[in-house]
């Protein structure tokens with residue numbers, strides 16, 4: 001037997017798996033860029049929501065602006081993920097269903113995105129319902145996508161692999177966004193209105209997301225199930241039982257707990273900046289669509305460099321240290337945004353955000369992946385999603401509330417400084433060597449339980 005040839009075949013097969021995993025970032029980043037960060041917020045503001053806002057008499061709210069509605073929609077869709085993802089993650093781990101859950105939420109989200117094409121002026125509740133469903137599906141799918149990381153990459157490679165995934169995402173989201181930007185800019189040349197061009201751009205996200213995800217689903221293999229598969233009738237009960245057992249075990253994972261608290265706080269700031277940047281530029285600063293879309297397009301391609309650069313720097317300086325460095329930059333970003341008045345400043349800010357955005361997110365994902373047991377990766381990434389989305393509830397809602405009470409979004413953006421500074425301080429208390437020892441102890445406990453069962 002030619003051992004070299006066998007080894008080469010295995011490397012090629014593994015490279016295909018990695019490429020399949022990267023391609024889901026390429027696919028779903030269309031939603032993150034076009035809908036979440038770029039077009040939906042301004043479209044809601046300029047076209048869908050009436051100029052005087054809307055009233056919700058049941059809750060005593062009057063004159064709700066697009067910014068406030070968008071913030072509340074983000075917050076409540078995040079709450080839905082918080083309530084469901086840990087149980088779904090536990091079920092996926094116990095039934096070898098990570099891939100099936102990923103497929104389900106991918107196509108629920110892509111279908112909801114496609115239907116945004118039909119949202120027109122005045123369709124406020126349809127727009128919010130489709131957006132909340134798509135955002136819920138986007139985040140839920142990412143729970144299962146992220147849970148593959150400890151199965152496809154050795155611990156020492158997870159920073160690089162995670163960073164490369166984000167780089168693919170920036171590239172994929174950027175390519176589609178470039179096409180959409182050209183469509184919006186030259187809409188008159190092909191005989192359609194600017195509103196129709198934006199509607200086509202929103203709907204195209206569903207086709208891009210669902211279409212390129214087929215590459216992922218053809219190459220990504222479900223990790224083997226350690227133990228017997230339970231009967232369908234006990235899946236949900238088993239999911240809740242595993243959540244209770246895991247919560248008991250988490251008490252001994254002190255370092256992971258510290259990390260999750262830090263992540264919950266600083267990620268609140270990151271997610272709010274991502275989600276509210278364009279609507280802030282549109283409503284508060286009155287920047288034109290070309291400025292907003294052009295700067296975001298630049299962020300995608302700068303982000304390719306940033307995600308990979310931070311992954312490489314993490315090998316030299318450590319993941320935790322590089323996350324802390326990125327949070328220091330994020331603090332400067334929101335202070336600069338408070339004083340920003342000119343379109344050129346928005347471009348400068350975009351370049352800085354592009355460098356740190358992918359790095360802070362990719363390294364947070366890989367850092368967490370290194371301190372959880374692979375045998376329960378979907379379950380623990382479900383908890384990761386809980387902390388991620390618990391934070392994402394309060395940032396946009398606080399942003400929306402401050403905007404509503406003060407009449408200006410500048411104080412809303414400045415308030416995010418607190419999230420970055422507090423999160424950075426708490427993160428300094430995480431001890432990675434102790435966290436990995438805690439993971440090894442829990443991995444052994446889970447292995448012993450599987451042998452007993």
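Rundown of residues vs (1) surrounded by 17 or more Cβ atoms within 10 Å (Cβ to Cβ); (2) within 19 Å of the chain's Cα centre (by Cα); (3) at pLDDT 85 or above; (4) over 30 Å from residue 17 (Cβ atoms), yes/no style:
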| position | (1), (2), (3), (4) |
| --- | --- |
| 47 | yes, no, yes, yes |
| 52 | no, no, no, yes |
| 62 | no, no, no, yes |
| 94 | yes, no, no, no |
| 140 | yes, yes, yes, no |
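Where helices (runs of 4 or more DSSP H) sit wholly within the range 247-366, none has at least 3 residues that are touching a strand residue (DSSP E or B) at 6+ places or on another chain (Cβ under 6 Å) and modelled with pLDDT of 85 or more.
Comparison of 274, 279, 324 shows that the only residue that is under 21 Å from residue 361 (Cβ atoms), within 18 Å of the chain's Cα centre (by Cα) and in contact (Cβ under 8 Å) with a residue 12 or more places away in the chain is 274.
Once the range 154-177 is narrowed to residues that are surrounded by fewer than 23 Cβ atoms within 10 Å (Cβ to Cβ) and modelled with pLDDT under 85, the residue that is nearest to the chain's Cα centre (by Cα) is 160. On the basis of being closer than 20 Å to residue 407 by Cα, modelled with pLDDT under 80 and crowded, with 18+ Cβ neighbours inside 10 Å, does residue 78 make the cut? It is false that residue 78 is closer than 20 Å to residue 407 by Cα, modelled with pLDDT under 80 and crowded, with 18+ Cβ neighbours inside 10 Å.
Only one entry in 126, 116, 149 is more than 29 Å from residue 305 (Cβ to Cβ), surrounded by 17 or more Cβ atoms within 10 Å (Cβ to Cβ) and out of contact with any strand residue (DSSP E or B) (no Cβ under 6 Å at 6 or more places or on another chain), namely 116. The residues listed here are 432, 424; of these, the one that is surrounded by 14 or more Cβ atoms within 10 Å (Cβ to Cβ) and within 14 Å of residue 367 (Cα to Cα) is 432.
One line per residue, one yes/no per condition, for (1) surrounded by 15 or more Cβ atoms within 10 Å (Cβ to Cβ); (2) without any contact (Cβ under 8 Å) to a residue 24 or more places away in the chain; (3) under 13 Å from residue 277 (Cα atoms); (4) under 20 Å from the mean Cα position of the chain (by Cα):
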| position | (1), (2), (3), (4) |
| --- | --- |
| 320 | yes, no, no, yes |
| 333 | yes, no, yes, yes |
| 339 | no, yes, no, no |
| 344 | no, yes, no, no |
| 348 | no, yes, no, no |
| 352 | yes, yes, no, yes |
| 358 | yes, no, no, yes |
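The values are calculated or read from the model by the stated rules, or taken from the named source; none is laboratory data. Computed from a prediction, not measured in an experiment: that's the story for all the values here. Glycine also receives a Cβ, built like all others from the backbone with ideal geometry; neighbour counts cover every protein chain displayed.
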